[in-house]
1. Give me Arg94, Arg130, Arg366 ranked fewest to most by other Cβ atoms within 10 Å of their Cβ, as a rough exposure proxy.
2. Could you tally the net charge around Val282, taking each other residue with its Cβ under 14 Å from the Cβ of Val282, Lys/Arg +1 and Asp/Glu -1?
3. Compute a Gaussian network model of the chain, connecting alpha carbons closer than 10 Å, and tell me which residue from Glu157, Glu290, Glu182 fluctuates the most.
4. Under 5 Å between amide H atoms, partner at least 5 residues away or on a different chain: which partners does Thr113 have, H built in plane at 1.01 Å?
5. Normalised by the empirical 2.2 N^0.38 Å for globular proteins, what value does the Cα Rg of the chain take?
6. Report, for the chain, the % of DSSP beta bridges that are antiparallel, rounded to 5.
7. Would you please name the GluC sites (Glu not before Pro) within region 358-421 that are DSSP coil residues with at most 12 other C-beta atoms within 10 Å of their C-beta?
8. Quick one: putting +1 on the C-beta of Lys and Arg, -1 on the C-beta of Asp and Glu, what dipole do you get for the chain around its Cα centre, in Debye to the nearest 20?
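Computed from the coordinates by the stated procedures, all read-outs in this text should not be read as laboratory data. Everything numeric in this text was worked out from a predicted model, so none of it was measured. Note that we place each Cβ from the backbone using ideal geometry, even for glycine, and neighbour counts take in every protein chain shown.
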Amino acid sequence: MTAHRVCIVGSGAREHALALALGRSADVLVTPGNPGIRGKTAEGFTLTSEDRPAPLVEADLYVIGPEAPLVDGMADDLRASGCLVFGPGRDGARLEGSKMAMKQLCSEAGIPTARWAAFDELWPAVRFLRALPGPYVVKTDGLAAGKGVLVTPDVEEAISDVTAKLSGSSFGAAGERVVIEEAMSGPELSLFAVCDGRRSVPLAPAQDYKRVGDGDTGPNTGGMGACSPLPGVGEALVDDVMDRIVSPALSFLHRSGVDYRGLLYAGLMLTADGPRLVEFNVRFGDPETEVVLARMSGDLTRLLACAAEGDLRPAAGEATFRDEAAVCVVAAAPGYPSAPVLGGPVSGVERAGTLEGVTVFHAGTRLRDDGTLVTAGGRVLCVTALGRDLASARERAYEAVGLVEFEGKVVRHDIAEAAAKGELG
Ligand code: AMP
Ligand code: GLY
């Protein structure tokens, strides 16, 4: 099975990267898409952005990018009208829509993760915090665009965070229940698995840089950069994560009657006791997708179409990757993540895209009526480069991000720095 025409739902750099990858073997329409998604791919397929509800788009395959429409049941609605969809239904999407549901699955399926408890009242939460050794991790149960997590060594800070979350003042309804965890330590890694309901196949591992500032300082963001491959992370580790984390989750879901056809994203920490799950997401990660798909040599359209049909086996061999490395550096708006200042003109995108190996994915841009490209989201551009190794990919990505301009551009300077030296940061 393959698809000739694919509809992607979403508007960010992840959807832009999916469009280019799927556009190697199919015509792609992205709704609502973004100003970067248009024209033809090198292989001659068309890329279109159009703000049209997905059910009104005719396609052989629908790929839903962000978590919110998945949690809201868009995949169920499309399937109910006979469409082939890559993306879990509302039942599977609860893994990301509720951190408590995700942790419960870990407990029931025996998946290694941090000790945890969930609370919707302050005093039991405070008692639990005071009994933990610290550092402390406080998460909103509901969706918070990657920003609802506090990790702190200070119990008083953890308590005020719980207070703000539970009162609804910091994250609204998403925070009215919190999950408190023991902190783990070790390098983080993201592994994506394409799932067909029973079977799964891993994509190349990647690393995401979550904090806004150099040296992993400042608040958590949606991700300020990414790289793939990772030093020391080979097939053996990927197999271990598949065996101990991804496959047990998928089997548990299947036994519970959840037909999970979509991407399962395992956010992992490589602790002294081996890989542990930090979180599951139910969609491609952003900006990891930009680097993973840049390295993919197999046919993504065929892989996702087979998974969506319920049997990925004929296409499992498509999950292949080049030896080359990819590095993505995000250019964010000033004030990101708490209060990004938007609307300023953006220049240099085309020039950056002409550098060898470089693709500039649009994350938060908009074309004004007069044709000027302006910033329209906290993360504005995800500048991604391929190179023969991480050091050369990194050099190209930084050269390219230096060519894009907008007022107050925020860039981390240490994306893939340690990885390029062979260290897993
Ligand atoms: P999450 O949204 O659950 O992925 O959390 C965002 C980030 O917070 C993760 O990528 C980690 O850097 C950090 N984090 C989350 N849970 C823990 C934990 N139990 N221990 C240490 N750090 C964590
Ligand atoms: N890069 C983190 C995420 O997509 O959730």
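1. Arg130, Arg366, Arg94
2. Overall, the nearby charge balance is -2.
3. Of Glu157, Glu290, Glu182, the most mobile in the Gaussian network model is Glu157.
4. Excluding prolines and chain starts, which carry no amide H, the hits are Leu277.
5. Values: Rg = 20.4 Å, N = 425, 2.2 N^0.38 = 21.9 Å.
Compactness ratio reported: 0.93.
6. That works out to approximately 80 percent antiparallel.
7. On the way: sites: Glu395, Glu399, Glu405, Glu407, Glu417; in loops: Glu407.
Within region 358-421, the qualifying GluC sites (Glu not before Pro) (loop, at most 12 other Cβ atoms within 10 Å) are Glu407.
8. Here the size comes out at about 260 debye.
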